[in-house]
1. Roughly how many whole Å is it from the C-alpha centroid of the range 46-74 to that of the range 124-201?
2. Please compute P(r) over all alpha-carbon pairs of the range 63-150, binned at 5 Å starting from zero, and give each bin as a whole-number percent.
3. Over the heavy atoms of Lys26, what accessible area does a 1.4 Å probe trace out, to the nearest 10 Å²?
4. Taking the Cα atoms only, what angle lies between the long axis of helix 119-128 and the longest principal axis of the chain, rounded to 10 degrees?
5. Using a 1.4 Å probe and ignoring any ligands, DNA or RNA, find the accessible area of Trp156 and quote it in Å² to the nearest 10.
6. Can you pull the semi-axes for the range 20-65, root of five times each eigenvalue of the Cα gyration tensor, sorted largest first, whole Å?
7. Can you compute the charge dipole magnitude of the chain about its Cα centre, using +1 on each Lys and Arg Cβ and -1 on each Asp and Glu Cβ, nothing else charged? Give it in debye, rounded to the nearest 20.
8. Once Rh is set to the Kirkwood radius over Cα pairs, what Stokes-Einstein translational diffusion coefficient, in µm²/s, holds for the range 98-201 at a temperature of 20 °C and a viscosity of 1.002 mPa s?
Amino acid sequence: MPETEPGAVLFDLFGVIARHQSAEGKERLTAAMGAADPAAFWDAYWDLRLPYDRGDLDGPAYWRAVGERLGREVDPPLAAELIAADIDSWRAVDPDMVSLVERLASQGRTVGLLSNIPVELADRFEKDNPWLAAFSVRAFSGRLGVAKPEPEVYLWCLERMAVDPGDTLFVDDRGENVAAAEALGMAGHLFTGRAALEARL
């Protein structure tokens, strides 16, 4: 049976519309922390990231926890430096995907955004990217206290977009997040590039 065209599209941000961390940004982070073992740094960064993304920890507390894992004290000035470097490392966007989102919105599609990011990054990203106005709903986990793949955050988006799960396509580059959306009755698309997504749309 052919797939039906979804009336609404709920997008992930990083890895779909925005790019993952830049190599330069990652180097700046490890240098700021003075990480002798970059692999250990990134293990700590990601192991502790979900509570930060979900808003359970603020930026200074997150970086203190990373520092404790690495045996490095993170005082307030260093925490501020790490927060700024972290935000800067996530700044790049894919202009082709931005144009796709804007085209869908101009065609009358309901488009929403659901991203696991901390408050500091969400605030900066909104300030720097006026094209985010194309989204009828912007759900940032750090502000909501829930994060993908928790079902509550998807349901929050669907309610505020005023759409049914069965009429909504969820687009993400992580399989576990797509599977969680599908479990709620949404159609899912594992993002690999614009061409495959446009074919699905």
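The values are calculated or read from the model by the stated rules, or taken from the named source; none is laboratory data. In this text, all values refer to a predicted model and were calculated from it rather than measured experimentally. Methodologically, a virtual Cβ is constructed for each residue, glycine included, from the backbone with ideal geometry; neighbour enumeration extends over all protein chains shown. The protein model used for the area step is the full one, side chains on, heavy atoms only, and it has no ligands, DNA or RNA in it. Shrake-Rupley method; radii C 1.70, N 1.55, O 1.52, S 1.80 Å.
1. Going from one Cα centre to the other spans 25 Å.
2. 3, 12, 17, 20, 18, 13, 7, 5, 3, 1, 0
3. It works out to around 80 Å².
4. Helix 119-128 sits roughly 60 degrees off the main axis of the chain.
5. 70 Å²
6. Semi-axis lengths for the range 20-65 are 19, 12, 10 Å.
7. Here the size comes out at about 280 debye.
8. 151 µm²/s
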